[in-house]
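See below for the structure under consideration.
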Amino acid sequence: ACELINLHTAGQRSQDGKPVLKECFVPRYQVERKFHGQYRTLTRNLFPGYVLAVTSRVGELNERLGRIPTFTRLLGSEKSFIPLDRAEKALINAFTTEKRRTVSLSKAVYEGDDVVVTEGPMIGREGWITEVNRRKGTARIEVNMFGRTINVEIGLAIVGQRPKKE
């Protein structure tokens with residue numbers, strides 16, 4: 001999808017010579033899976049079905065997206081898309097950087113029934129975790145995104161267990 005958007009906006013500049021599209025990406029997350037006895041790091045889509053575009057030329061980008069024949073729909077109305085609000089941008093930027101839009105794998109231990117993140121971007125955000133799937137090496141977190149509260153899967157490797165602190 002980003003390739004399609006970039007194709008229709010590449011080399012095309014606005015009337016003042018500035019590019020229409022600054023960045024286009026699909027946020028992803030890392031997860032470890034075991035194949036034939038060895039762990040491999042894989043990437044998965046963080047928000048399946050969503051493509052994020054960064055622009056200061058909202059009107060021009062919106063008009064150009066409307067001209068892409070295979071483009072299915074925009075988040076928002078038929079005529080324009082909904083920009084991410086400040087908190088949504090902050091969430092994506094807290095987990096990723098402009099050059100690397102993949103959420104790194106977090107590592108955690110169980111302390112009794114509690115999950116304590118020891119490494120990675122989820123440190124201090126244990127309260128966001130709603131479910132852990134130890135077998136898949138993932139956790140579900142609840143975040144506000146795209147104007148609503150959604151459950152998102154991220155990579156979380158449980159690497160051990162330690163006694164609960166009293």
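The set of residues from segment 82-106 being among the acidic types (Asp, Glu) and open to solvent by 40 Å² or more (accessible area, probe 1.4 Å) comprises Asp85, Glu98.
Restricting the first member to segment 46-59 and to residues that are over 17 Å from Val103 (Cα atoms) and among the hydroxyl-bearing types (Ser, Thr, Tyr), and the second to residues that are outside any loop (DSSP other than H, G, I, E, B) and open to solvent by less than 50 Å² (accessible area, probe 1.4 Å), the beta-carbon pairs closer than 7 Å and six or more apart or on different chains are Thr55/Leu61. When Pro69 is tested against the conditions (1) farther than 30 Å from Ala139 by Cβ; (2) modelled with pLDDT of 85 or more, the lone failure is (2).
Scanning segment 120-140 for residues that are touching a helix residue (DSSP H, G or I) at 6+ places or on another chain (Cβ under 9 Å) and aliphatic (A, V, I, L, M), we see that the one that is farthest from Ala94 (Cα to Cα) is Ala139.
Being open to solvent by 70 Å² or more (accessible area, probe 1.4 Å), at pLDDT 70 or above and not hydroxyl-bearing (Ser, Thr, Tyr), is that true of even one residue in segment 20-33? Yes, segment 20-33 has at least one match. Restricting attention to segment 107-166, and to residues there that are assigned to a loop (DSSP other than H, G, I, E, B) and open to solvent by less than 50 Å² (accessible area, probe 1.4 Å), which single residue is nearest to Ala53 (Cα to Cα)? Per the criteria, the residue is Phe146. When residues in segment 35-66 are screened for being of a type in the set (S, T, N, Q), within 23 Å of the chain's Cα centre (by Cα) and modelled with pLDDT of 85 or more, 3 of them pass.
The values are calculated or read from the model by the stated rules, or taken from the named source; none is laboratory data. Just so we're clear, the structure is a prediction, and the values are computed from it rather than from any experiment. Methodologically, a virtual Cβ is constructed for each residue, glycine included, from the backbone with ideal geometry; neighbour enumeration extends over all protein chains shown. Accessible surface areas use protein heavy atoms only, side chains included; no ligands, DNA or RNA. Shrake-Rupley method; radii C 1.70, N 1.55, O 1.52, S 1.80 Å.
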